[in-house]
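Single-structure report; data block below.
Only the coordinates and a few stated rules stand behind these numbers; no lab work does. Quick caveat: nothing in here was measured; it's all calculated off a predicted structure. Here the Cβ is made from the backbone with ideal geometry for all residues, glycine too, and neighbour counts use every protein chain on show.
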């Protein structure tokens with residue numbers, strides 16, 4: 001298990017592309033330098049059966065990422081790996097698993113959080129230049145949580161990613177929890193944290209789920225658009241900024257139930273690392289999100305784009321679809 005913050009381009013490594021630094025680039029380098037894997041495994045990660053639990057895009061942090069791989073179990077393995085990692089990336093622990101274990105396939109749920117300034121939920125006529133003065137009312141918070149609860153259950157989320165046909169079975173996703181917590185003040189600005197747990201997520205799905213609710217709360221879209229977005233027609237849904245999104249935890253409940261009590265394998269739980277996780281988030285993740293938001297106004301800038309969306313019309317092709325065709329046609333199955 002390990003953690004990282006938003007300064008990197010993305011999580012997944014792109015062999016042969018040294019232009020953009022990723023989390024996996026630094027992790028593989030540290031594994032080689034610490035003596036956990038032979039150098040040639042860095043060129044072909046299949047040799048060590050490397051698999052990530054979830055991919056994260058640029059601007060997305062993680063407080064509980066898990067990867068599976070074959071390594072030499074050297075003494076003080078965590079300490080030695082961390083000696084070769086930047087302070088923004090930390091390995092917290094290793095656990096022995098069953099032969100053939102795959103962190104992605106054995107993971108049965110993922111929990112994300114999204115930290116944002118509450119001015120995102122202000123009425124459309126509010127002067128966002130006064131974002132520090134905005135305070136979220138309890139009635140608005142209650143409405144927010146009612147809207148977020150509509151996502152619970154199984155729905156067709158083809159409109160919440162790119163290049164997914166309405167009849168594609170993989171677009172159906174199961175959400176178990178989604179809610180917004182009580183607001184709090186940080187650096188003279190009010191923030192709140194949205195938490196969502198689901199079986200798995202597609203590329204940009206969470207950001208679009210949040211973006212649509214913001215559009216409804218601000219008065220740019222009617223509540224009915226949420227149910228319509230799960231139907232067959234194409235709906236152009238705004239994608240909230242990546243800043244603020246954090247992979248909080250990955251869950252292995254079925255694995256733990258089957259192997260956690262067999263006396264040979266450890267349960268894939270991280271209770272002993274909770275204090276270290278909390279410290280890392282408070283020292284690195286939260287300050288980075290708040291500081292970047294205050295300096296760059298990413299949320300307020302994004303909010304100015306909401307009026308260009310026509311939530312009543314049926315879209316033939318969204319901007320995200322066009323961008324993905326130019327970028328990489330195979331990315332529709334990635335997590336947020």
A chain fully extended from residue 305 to residue 170 at 0.36 nm per residue, minus the present Cα-Cα distance, gains in nm 45.7 nm
Between residue 71 and residue 132, the two model label points (7 Å from Cα along the beta-carbon direction) sit apart by a distance in nm of 4.4 nm
Distance in Å, no decimals, from the C-alpha centre of the stretch 181-253 to the one of the stretch 298-314 is 14 Å
Computed, not fitted: 222 nm per-residue ellipticity of the chain from DSSP H runs ≥ 4 (each -39500 (n - 2.57)), nearest 500, equal to -7500 deg cm²/dmol
Expressed in angstrom and ordered largest first, the alpha-carbon extents of the chain along the principal axes are 60, 46, 43
Shape descriptor, the stretch 93-209: equivalent ellipsoid semi-axes (Cα gyration tensor, sqrt 5λ, whole Å, largest first) stand at 32, 19, 12
So, relative contact order of the stretch 2-106 in percent, Cα under 8 Å, 6 or more apart, is 37 percent
Of all DSSP beta bridges having both residues in the chain, the percent classed as antiparallel (nearest 5) is 95 percent
Full extension between residue 78 and residue 21 adds, at 0.36 nm per residue less the Cα distance, a length in nm of 18.3 nm
Taking 0.36 nm per residue of separation between residue 228 and residue 46 and subtracting their Cα-Cα distance, the length gained on full extension comes to 61.3 nm
Checking 265, 309, 84 against a Gaussian network model of the chain (alpha-carbon springs below 10 Å), the top fluctuating residue turns out to be 265
GNM of the chain, Cα pairs under 10 angstrom: of 276, 62, 120, the biggest fluctuation goes to 276
Checking 100, 181, 59 against a Gaussian network model of the chain (alpha-carbon springs below 10 Å), the top fluctuating residue turns out to be 100
Expressed as a whole-number percentage, the relative contact order of the chain with C-alpha contacts under 8 angstrom and at least six residues apart is 23 percent
